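Below you'll find the structure, written out as structure tokens, and then a few comments.
Laboratory data are not the source of any read-out in this text; all were calculated from the coordinates shown. For clarity, every value in this text was computed on a predicted model and none was experimentally measured. Quick reminder, even Gly has a Cβ in these numbers, built from the backbone with ideal geometry, and neighbours come from all protein chains shown.
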Amino acid sequence: MKDKKDQISAKEAWALNKKAIAYWWNIDRRIFISTAACNIIKAISPYITIYFSAQLIGEIAGQHRPQELVRIAAIVLIATAIMGLISAALQRWKNAVHESIFYINRKQQLDKMLSMDFCDTDDMDVQNLLRHIQEGDNWSGWGTTRVSGKIFSDVITAVTKIIGAVALSVTLFTSQVPQGNMDFLNSPWMVVLILGIMMATAIISPMLQVKGERYFTEGCADEVKRSNRIFCCYGHMAIDDKSRSEDVRMYTQEVFCIEKSNANAWAGKDSKISRYARGPMGFLLGLAVAVSRIFTGVAYLFVCLKAWAGAFGVGYVTQYISAITSLSSGVSLLLSTWGMIRTNAIYLKDTFAFFELPNKMYQGSLTVEKRSDRNYQVEFRNVSFQYPGSQQWALRNVSMKFTIGERLAVVGQNGSGKTTMIKLLCRLYDPAEGEILLNGINIRKYNYKEYMSIFSVVFQDFQLLSLPLGQNVAAAGQYDNGWARQCLEEAGFGPRLATMPQGLETCLFKDFDNKGVAVSGGEAQKIAIARALYKNAPFIVLDEPTAALDPIAEAEIYAKFNTLIQDRTAVYISHRLSSCRFCDRIAVFHEGSVVQFGTHEELLADKNGQYNQLWNAQAQYYVS
Ligand code: ADP
């Protein structure tokens, strides 16, 4: 169960649920309109039947006029049929609107992830927050889904039930028993007593129910969420995660998948939830039902006594009993919904904490000057950086200028900070110290989209999508056929493209198209290079662009490098030092700092330098 400090006050709970209503209202107000229409009709329908049934019974027990009986029966039939039709149509509409709620929620989360500061997407706290939201939703629709689905729906049903029941039961309290030994039933105290019992049971029953349910929603939340997480990881590993499915088979990891999923039986015989069900939770939930039945008994007694004493005819017995028990269940439903609102607030707090994470990084508004001469001068000035949560400097006091039109190779051992430098250049992170300048102005001041338009980047872990080849190259639905083809050819993909019967329209991978093609690592890398060329940005960054290429393809790319790059400024990260020779200058990274900077010959001449060591370490394999 929750600690006191974690509990949310009633006012805060109400405010959070109201905010969730506003959230849905702004997205699609049909959610509420369809729910209200459907639930009102459904809640009213039984009253129509109750009312006319009472008339029918009254007529049978009283004057039993055949014509009147037929008239009432016809009204009941027609009214029931019409209400049934309307309610079925509204239910369909409601279902259709609600069908998309899951996807809308996921889309909102996706939009938030894509628009937030990149460093936050990496942050464990943000990841955990998003997981909690999704786990609560997957588990039992807690969070915003609960408001659009159950809470709003129950409130509408409860309120309609109460209004209908009051309308049908007012005369129960106003009709008088004739003078005699039963006339105590006319006393206003009788009304107070009946309503008092009704209110007491209507309050106590949902209170017990909410208390009982809390054993599940709060007491077992951690187990269920953990189970969900394990299942999502191991359960899906062999099914959805293609990148892992080969390893799963090779190393018989299905054992883990099955074991982890089985050991994870949160609802098993000895689990916490089972113990709660056999113990306090089961007791409280049972008691809640028993208490609500007490009122039904009292209502029967009161109505029957009044009918027996002659206050109204037998036909009204059904009407009053149905109305008054419906009144009680409406009040109960309203109160148990309040309990749900309180519990749901716990999940909504996380949800809105996620959606309201501030965006601090991408606030710049300066436009980037459009230059046909591609004169964009980028400079790192004394830049230092630590990854969020890390104590280590990934970059320390890095200063360097990317000379316009120059090919700069960046080399260094693994973990020396090369990729981090690129990530800072692309503003995935901002420096902790120092600044990065574009044409003399801090890059934070530029509009992020405009700033990024001057870069074409191929990251080491680039991803291609299950889309036609041409769309992958253009990174857009519509593309220039000739230009896409030319970029693929320049990147060395020409011969492979010629073998593809559908050319640029060939789908990559088989997710959406059985005729889709799987490309090798090297081919994928060529497509990624073509994508960078297609963008035709003035500044091109290639992080290990030939790592997956075979030696012939690699040699081809090097031979064409100057044609590929043309007059762009290029940054080229590579482990293969031989490939740096065609670059104008080389920056050597070591433990987050630039330790050498110069041409290949200059750097090699420094016998004690890092570059000389790296060069000789690689050269020995070829020399021997
Ligand atoms: P390189 O590209 O030279 O191999 P990186 O720039 O990837 O090196 O990494 C520099 C340092 O930053 C390494 O110590 C690495 O472990 C650390 N690092 C890289 N990415 C992250 C990250 N997302 N979170 C924390 N540390 C990271």
Work out the charge dipole of the chain with +1 on the Cβ of Lys and Arg and -1 on the Cβ of Asp and Glu about the Cα centre, then indicate which of 253, 319, 447 is farthest towards its positive end.
319
Check every DSSP H run in the chain and write down those whose alpha carbon atoms cover 30 angstrom or more along the long axis and whose mean Kyte-Doolittle hydropathy is 0.0 or greater.
30-61, 66-99, 152-174, 188-217, 280-308, 315-355
Packing-ranked peptide list from 410-419, 364-373, 342-351, highest mean Cβ count within 10 angstrom first, is 342-351, 410-419, 364-373
Given the C-alpha centroids of region 15-45 and region 49-68, what is the distance between them in whole angstrom?
38 Å
Anisotropy class of region 43-192 from Cα gyration tensor, a/c 1.5 cut:
oblate
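Can you sort 230, 78, 101 from fewest to most other Cβ atoms within 10 Å of each residue's own Cβ?
On the way: 230 15, 78 10, 101 19.
Fewest to most other Cβ atoms nearby, the residues stand as 78, 230, 101.
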With contacts defined as alpha carbon pairs under 8 Å and 6 or more residues apart, what's the relative contact order of region 535-618 in percent?
23 percent
Separation of region 522-539 and region 500-521 by C-alpha centroid, Å?
18 Å
Beta carbons within 10 angstrom, averaged per residue: use that to sort the peptides 521-527, 84-90, 509-515, highest first.
521-527, 84-90, 509-515
Would you calculate a helix-derived [θ] at 222 nm for the chain, using -39,500 (n - 2.57) for each DSSP H run of n ≥ 4 and dividing by the full residue count, to the nearest 500?
-19000 deg cm²/dmol
Please get the size of the charge dipole for region 341-387, origin at its Cα centre, with Cβ charges of +1 on Lys and Arg and -1 on Asp and Glu, quoted in debye to the nearest 20.
40 debye
Do any of 112/449; 225/272; 418/535; 370/449; 150/211 go past 21 Å between their Cα atoms, and which?
418/535
List the chymotrypsin sites (Phe, Trp or Tyr not before Pro) within region 5-77 that DSSP assigns to loop and that have no more than 15 neighbouring Cβ atoms inside 10 Å.
none
Note to self: C-alpha centroids of region 385-423 and region 73-137 sit apart, in Å, by 44 Å
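What FRET efficiency do you get for residue 535 and residue 607 if R0 is 60 Å and r is their Cβ-Cβ distance, rounded to the nearest 0.05? Before the final figure, lay out each step's value.
Numbers: r = 41 Å, r/R0 = 0.69.
About 0.90, to the nearest 0.05.
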Using the Cα centre of the chain as origin and beta-carbon charges of +1 (Lys, Arg) and -1 (Asp, Glu), tell me which of 592, 93, 577 is placed farthest towards the positive end of the dipole.
93
Can you compute the modelled spin-label distance between residue 100 and residue 513, with each label point 7 Å from Cα toward Cβ, in nm?
2.7 nm
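Report the extension gain between residue 403 and residue 550 in nm, rounded to one decimal, defined as 0.36 nm multiplied by the number of residues separating them, less their alpha carbon distance.
That works out to 49.8 nm of additional length.
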Over the residues of the chain, compute the C-alpha Rg and express it relative to 2.2 N^0.38 Å.
1.41
Under a plain spin-label model, where a point goes 7 Å from the Cα along Cα-to-Cβ, how far apart in nm are residue 599 and residue 185?
11.3 nm
Placing +1 at every Lys and Arg Cβ and -1 at every Asp and Glu Cβ, with all other atoms neutral, what dipole size does the chain have around its Cα centre, in debye to the nearest 20?
1880 debye
Everything considered on the Cα gyration tensor (a ≥ b ≥ c; rounded for a/c under 1.5, else prolate if a/b is larger than b/c, else oblate), region 387-447 must be described as oblate
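Relative contact order, percent, of region 268-409 when contacts are C-alpha pairs under 8 Å separated by at least 6 residues?
Values: 66 pairs, mean separation 16.3, N = 142.
Computed over region 268-409, the figure is 12 percent.
Computed FRET efficiency, Cβ-Cβ of residue 121 and residue 26, R0 22 Å: what is it to the nearest 0.05?
So the FRET efficiency works out to roughly 0.35.
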Region 341-425: Cα Rg divided by the 2.2 N^0.38 Å rule of thumb:
1.68
Sort 198-204, 400-406 by packing, meaning the average of other beta carbons within 10 Å per residue, with the highest value first.
198-204, 400-406
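Under the 0.36 nm per residue contour assumption, what length would be gained going from the current alpha-carbon distance of residue 9 and residue 460 to full extension? Write out the running numbers ahead of the final one.
Details: separation 451, 0.36 × 451 = 162.36 nm, distance 4.89 nm.
Net length gain for the segment: 157.5 nm.
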Mean separation of Cα contacts under 8 Å (at least 6 apart) over the residue count of the chain, i.e. the relative contact order in percent, is 15 percent
Place +1 on the Cβ of every Lys and Arg and -1 on the Cβ of every Asp and Glu in region 1-145, take the dipole about the Cα centre, and give the residue among 57, 38, 130 whose Cα lies farthest towards its positive end.
57
